[in-house]
Amino acid sequence: QVQLGESGGGLVQAGGSLRLSCAASGLTFSAYRMGWFRQAPGKEREFVAAISTDGMANYGNSVRGRFTISRDNAKNTVFLQMDSLKPEDTAVYYCAAGLPYVANPLPRNVGYWGQGTQVTVSS
């Protein structure tokens, strides 16, 4: 059974930073493209970042240059470093496993989801 557990969310002021972690189990972690999505109230789930098995990363337009995704295959963990946070970054952030190899993956094509962690950025 695949399980993804996010941590690291919270409340931060605009301009601040947070680091999200996602611990995975029940899958051969190193073989999966991993990623993050987010969903704000009343909005659709949005692609944030993905990292391939070879470490290649790509980002959604709204976070490129501010967020950094990384992975530690020895610890079955993927990270999202979020810097220069803005109030519009406020959302529930979801860890995802099994993303397709496209630049902007759609939520419906994701294999597995975590339960989400709340990130709130105050102005």
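Could you list, in sequence order, all residues of the range 42-80 that are free of Cβ contacts under 8 Å to residues at least 12 places away in the same chain and assigned to a strand (DSSP E or B)? Tyr59, Asp72 - these are the residues of the range 42-80 that are free of Cβ contacts under 8 Å to residues at least 12 places away in the same chain and assigned to a strand (DSSP E or B).
Within the range 32-41, identify whether any single residue is at pLDDT 95 or above, out of contact with any strand residue (DSSP E or B) (no Cβ under 9 Å at 6 or more places or on another chain) and not in a strand (DSSP E or B), and answer yes or no. No. Across the range 42-68, the qualifying residues are those that are of a type in the set (Ser, Thr, Tyr) and out of contact with any strand residue (DSSP E or B) (no Cβ under 8 Å at 6 or more places or on another chain), and the one among them that is most open to solvent (accessible area, probe 1.4 Å) is Thr53.
The values are calculated or read from the model by the stated rules, or taken from the named source; none is laboratory data. Bear in mind the structure is a predicted one, so any value in this text is a computation, not a measurement. Glycine gets a Cβ as well: all are built from the backbone with ideal geometry, and neighbour counts include every protein chain shown. SASA here: full protein model, heavy atoms, side chains in, ligands and nucleic acids out. Shrake-Rupley method; radii C 1.70, N 1.55, O 1.52, S 1.80 Å.
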